[in-house]
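The values are calculated or read from the model by the stated rules, or taken from the named source; none is laboratory data. Note that the structure is predicted; figures quoted are calculated from it, not measured. Cβ atoms come from the backbone with ideal geometry, glycine included; neighbour counts cover every protein chain shown. Note: areas computed on protein heavy atoms with side chains; ligands, DNA, RNA excluded. Shrake-Rupley method; radii C 1.70, N 1.55, O 1.52, S 1.80 Å.
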Amino acid sequence: MELNEYLYFLRRAFDGMISALDDLGDELANTVLPLAGANSPFAVAYHCTGVADYWIGHVIAGRSVDRDRASEFTAVGTVADLKSTLDPLFDRLRDDLREVDPQAAPRNVPPSSFEGPDRPLSCAGVQLHVLEELAQHHGQIEITRDVFLSGKLR
């Protein structure tokens, strides 16, 4: 997997999430739909930064990542602050992936409590899992934005 091409698609997903959050503004971005188990669009995007940093940084590259997965789903903040974390995140991801053999086993195995694939993965498989998660959540955030902006919840 070519590094720049892979990071391009991760960035497209994050940029799409940020665009949807910008459309919502900080207040709606931090609002939870009135559905059981729902999370705010901000929390979902914040979770995605944790996904990318953990799965690529820790699982693939072996870098220490201090992650509290459960708290990601209740995170609140400003779109500007979240946006400001992306360039440093991508610098870390680029460094983490620079010398990776896609067919090699990752350096770490995630805890079973993390909802990831139910089979061992190569480094390329972990990268695909990250892209899968970001694409899924990008769509989730866009649909949530559309629901909020439709005015049908008021």
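Quick one: net charge of ARG98's neighbours, Cβ under 13 Å, K/R +1, D/E -1? Spell out each step's value before the answer.
Working: positive: ARG63, ARG92, ARG94; negative: GLU2, ASP91, ASP95, ASP96, GLU99, ASP101.
Residues close to ARG98 contribute a combined charge of -3.
Along the range 126-143 the Karplus relation, 6.51 cos²θ - 1.76 cosθ + 1.60 evaluated at θ = phi - 60°, assigns HN-Hα couplings of 5, 4, 5, 4, 4, 4, 4, 5, 5, 5, 4, 6, 4, x, 4, 5, 5, 5 Hz to successive residues, with x for each Gly and Pro.
In the range 1-90, what percent of the accessible surface is made up of carbon and sulfur (1.4 Å probe, ligands and nucleic acids excluded)? Mind showing how you got there, number by number?
Values: 2160 of 4130 Å².
Carbon and sulfur together cover 52 percent of it.
Distance between the modelled labels on ARG107 and TYR8, one decimal in nanometres: 2.8 nm (7 Å Cα→Cβ projection).
Once the 1.4 Å probe is applied to the protein heavy atoms, the chain comes out at 54 Å² accessible per residue.
For the pair the range 63-84 / the range 29-46, the C-alpha centres are spaced 13 Å from each other. Mean-square fluctuations from a GNM of the chain, with a 10 angstrom spring cutoff on Cα atoms, peak among ARG12, ARG119, ARG107 at ARG119.
Among the GluC sites (Glu not before Pro) within the range 57-119, which fall in a DSSP loop and have no more than 15 other Cβ atoms within 10 Å of their own Cβ? Walk me through the intermediate numbers first.
On the way: sites: GLU72, GLU99, GLU115; in loops: GLU99, GLU115.
Sites meeting the loop and neighbour criteria: GLU99, GLU115.
Here the label points at SER84 and ASP22, each 7 Å from Cα along the C-beta direction, are separated by 1.7 nm in the simple model. The average projected area of the range 1-118, computed from the convex hull of its Cα atoms over all directions, is 7.9 nm².
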